[in-house]
Amino acid sequence: MGTVNKISSNFDALRMHHFQFFAMVVMVCFVSFLLYPSRRRLESPSVLYGMVHLGSFSANFGAQLWVTLVAGLTMFYSLPRHMFGKVQSRLFPMFFLWSLVCSAMTLSTFLSQHPSDTWDNSQIKQVVALSVCFVTAALNSIVVSPLIVSAMLKTFKMEVDAGVGDVVGYADMKELKKNPQYYESYRMFRRCHGASAMLVVSSLIANTVYLYFLTSLCLPL
């Protein structure tokens with residue numbers, strides 16, 4: 001129990017600027033890879049190389065499906081609003097950073113094995129799909145996530161103060177929206193959440209496109 005509490009305390013010590021810092025480190029490493037690419041294409045990629053590529057792709061795609069279709073909906077309809085907001089304020093930064101790291105690994109391993117001067121039409125589409133995943137994850141992790149978390153915490157705090165923080169699922173906030181501060185915070189949260197959702201959906205579509213090309217390479221089974 002003490003170990004669990006210690007881990008929880010260490011995680012609570014993380015702040016939004018820490019996640020932004022880690023995301024920037026990933027961006028710098030990826031840009032460095034683009035500026036100083038490997039001069040030699042691996043003629044016989046190792047099993048470990050393939051594991052990194054497929055593992056990072058599947059980890060990213062699986063996390064996106066789980067958070068979007070399972071975890072988010074389950075928590076929204078199971079937890080009180082203020083508790084749901086606290087969990088999401090921790091989950092969003094971690095999820096977006098995870099997506100950024102995984103997409104950077106997937107795109108890097110693909111580019112190192114497929115130099116730009118060897119791309120055909122199929123590989124161009126794959127690069128575009130993987131690039132969309134990387135860019136959307138970077139935008140979510142560095143730009144959108146801090147805005148969501150800030151607006152979310154303010155919104156749910158005012159809901160708790162108004163006595164509706166323990167409501168599970170949808171809550172009627174017509175009266176609370178008459179408060180200018182709450183209305184502005186809620187509107188900011190909805191806008192940022194909508195933008196983030198569109199970025200995640202775009203990444204999901206791009207990952208599905210790349211999965212199609214991966215599957216076509218494996219057929220016939």
Selection within the stretch 113-134 - within 23 Å of Cys192 (Cα to Cα) and open to solvent by 10 Å² or more (accessible area, probe 1.4 Å): Ser131, Val132, Phe134
Evaluation of Phe110 against (1) open to solvent by 20 Å² or more (accessible area, probe 1.4 Å); (2) more than 18 Å from the chain's Cα centre (by Cα); (3) under 20 Å from Leu48 (Cβ atoms) (one fails), failing number: (1)
Residue check for Leu14: closer than 28 Å to Val201 by Cβ, part of a loop (DSSP other than H, G, I, E, B) and either modelled with pLDDT under 80 or open to solvent by 70 Å² or more (accessible area, probe 1.4 Å) (or both): yes
Helices (runs of 4 or more DSSP H) contained in the stretch 43-124 and holding at least 3 residues at pLDDT 90 or above: 47-65, 81-113
Given (1) modelled with pLDDT under 60; (2) over 14 Å from Met94 (Cα atoms), number of the condition Pro37 does not satisfy: (1)
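The values are calculated or read from the model by the stated rules, or taken from the named source; none is laboratory data. All of these numbers come straight from a predicted model, not from anything done at the bench. Positions of Cβ are backbone-derived with ideal geometry, glycine not excepted, and every protein chain shown enters the neighbour counts. Keep in mind that these areas ignore ligands, DNA and RNA; they rest on the heavy atoms of the full protein, side chains included. Shrake-Rupley method; radii C 1.70, N 1.55, O 1.52, S 1.80 Å.
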